[in-house]
Each structure stands twice: as C-alpha cells, then as structure tokens.
Amino acid sequence: MGDDPINHADPNLASPAGRLTAVRDAMRAAAKGVGRDSRAISLIAVSKTHGPEDIWPVLAAGQRLFGENRVQEAASKWPPLKKDYPDIELHLIGPLQSNKVAEAVALFDVIETVDREKLAAVLSLEMKKQGRALPVFLQVNTGEEPQKAGIAPQDTDAFIARCRDVHGLRVTGLMCIPPVDDEAALHFALLANIARRNQLPCLSMGMSGDFDKAIRHGATHVRVGTAIFGTRRPLL
Ligand SMILES: *Cc1c(COP(=O)(O)O)cnc(C)c1O
C-alpha cells in the first residue's frame, strides 16, 4: 500500500466534513507536487455499504460526486437523495451484469466498468432506448488477475476502438484497480500510457491508501471511500 496520504493524527478527522477537507488538502498537495491543477482532478466519494444517514453530512459539506459498486444497493438509496440534490453525479465503479443494465443506465451518470463486448453492446442499445448517452470508462485489468474484472492491457486498444466505432459508446476514460500486493504506481503508469495513446482524457485510479500516487501519475478521478466515510459497514 505504501505511505498513507492522510495524517491520522489530525483532530478534524472526527467529522465527515473534516475528513473530506483532509482528503481535498492531500489531493491539492499531490497535484501541486507535480505541477498539476488540482481543479482538474475530481474526488469520487465511494459510499458503498453506507446509508443515507452517513451520506447526508457529506452532501451537506458540499460533495456531489459519488461512487457505488452495486447497482441494487445504489438503487435502494440514491433516488431520494438525487431528488433533494439534483446536481449529484453518480458513478458505477463495480461490475455490471447485463440483466442490471437498464437499471444502471437509469440511475448512474457515468459507468466506469465496461469490460467486455457483450456489455458494450447491451449498454449501447439501452442508452438509445432511454435517450441517455452516458459517458463510459473501460476497466482495465492492469495486473491481469484471473479473478478480477477488466479487459487485458494488450486487448485494450482494440476494445476502445470497437466500443467507439461499433457500439457508438462515448468512451471518455479508463479505470483500474491494481493488485493489492503490487506497487500501484506501475499500474497507474500503465493505465495512463494506454489512455494517452488512445486520446482518452479521463483516468479513474487511486483509492484511500494511494490516491496521492495516482494523482502524480495523472489521475483525473480518484475513488475514495474509507478516508471519507470511515470503515465500511457490514453488508446486510
Ligand atoms: C470500495 C472501492 C473504492 C474505495 O476504496 P477505499 O480504499 O475505501 O477508498 C474504490 N474503487 C472501487 C472500485 C471500490 O470498489
């Protein structure tokens, strides 16, 4: 994991607003260190397992961009919150099954986990049907782990082209989840390289333990859960 970007001795970490500020400060410091404009980097607050009572204070602190990894769970908590805060932007960051595509397209604003041809085809049809041309990211299995979702790095260029040209998807970025025991920086650099040669502007990479490193490697979206919401709640 490497060095934690958050200073856990900071007394402000007792409140969600304080934790949000600490993450934003660490993001700004990481961006500044490599001469990047921190306004070009979006913080996705990953609220999976947390209920509305955990999300309200984070909304009250001004956060509007959120990530969820399960369609069903997101559908059970976000529609009323979106009614109260119409400017919420919701990213799907977990695996998407074809039978959940209609629900996902109706609820989410960006799908970050397109990783196979069939899903690209089903998404494309459903977006047309609903009149919602959502931006999508493609998930790349940078560590080529058999148990992990994502397209293999060597197949990514061709998959990007097919998503665009055959399925007409608005492919705007790539996302990855590096293997837990690897040096994450290698995976961030690989993802950035694939995005660059395919002219994709967005890179979703970096979580609570390594978002600073991801920013140094060009992340435009970092996905931070624990550092904002605290330890995840047990699944019901
Ligand atoms: C849960 C999750 C995160 C957030 O992880 P933390 O370590 O809690 O910040 C980021 N990305 C994905 C895909 C996740 O499932």
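The values are calculated or read from the model by the stated rules, or taken from the named source; none is laboratory data. Bear in mind that the values here come from a model prediction, so they are computed numbers and not experimental data. With ideal geometry, Cβ positions are generated from the backbone for all residues, glycine too; neighbour counts draw on all protein chains shown. Surface areas here come from the heavy atoms of the whole protein model, side chains and all, with no ligands, DNA or RNA. Shrake-Rupley method; radii C 1.70, N 1.55, O 1.52, S 1.80 Å.
Of the complete DSSP H runs in the chain, those spanning 15 angstrom or more by Cα along the long axis with a mean Kyte-Doolittle score not below 0.0 are 184-197.
Within a straight-line Cα-Cα reach of under 26 Å, K128 can be paired with the following lysines, leaving aside sequence neighbours fewer than 8 residues apart in one chain: K77, K82, K83, K100, K118. Rounded to the nearest 5, the antiparallel percentage of DSSP beta bridges internal to the chain is 0%.
Show me the trypsin sites (Lys or Arg not before Pro) within the stretch 71-138 that DSSP assigns to loop and that have at most 13 other Cβ atoms within 10 Å of their Cβ. Loop-located and lightly packed - R132.
Would you compute, from DSSP H runs of 4+ residues alone, the mean residue ellipticity of the chain at 222 nm, taking -39500 (n - 2.57) per run and dividing by the full residue count, rounded to the nearest 500? Helix-only estimate at 222 nm: -12000 deg cm²/dmol.
Think of a 1.4 Å ball rolled over the protein heavy atoms: the chain then has 47 Å² of accessible area per residue.
Counting Cα-Cα pairs of the chain in 5 Å increments starting at 0 gives whole-percent bin shares of 1, 7, 15, 18, 20, 18, 13, 7, 2, 0, 0. Across all directions of projection, what mean area in square nanometres is found for the Cα convex hull of the stretch 95-152? Averaging across all directions leaves 3.8 nm² for the Cα convex hull.
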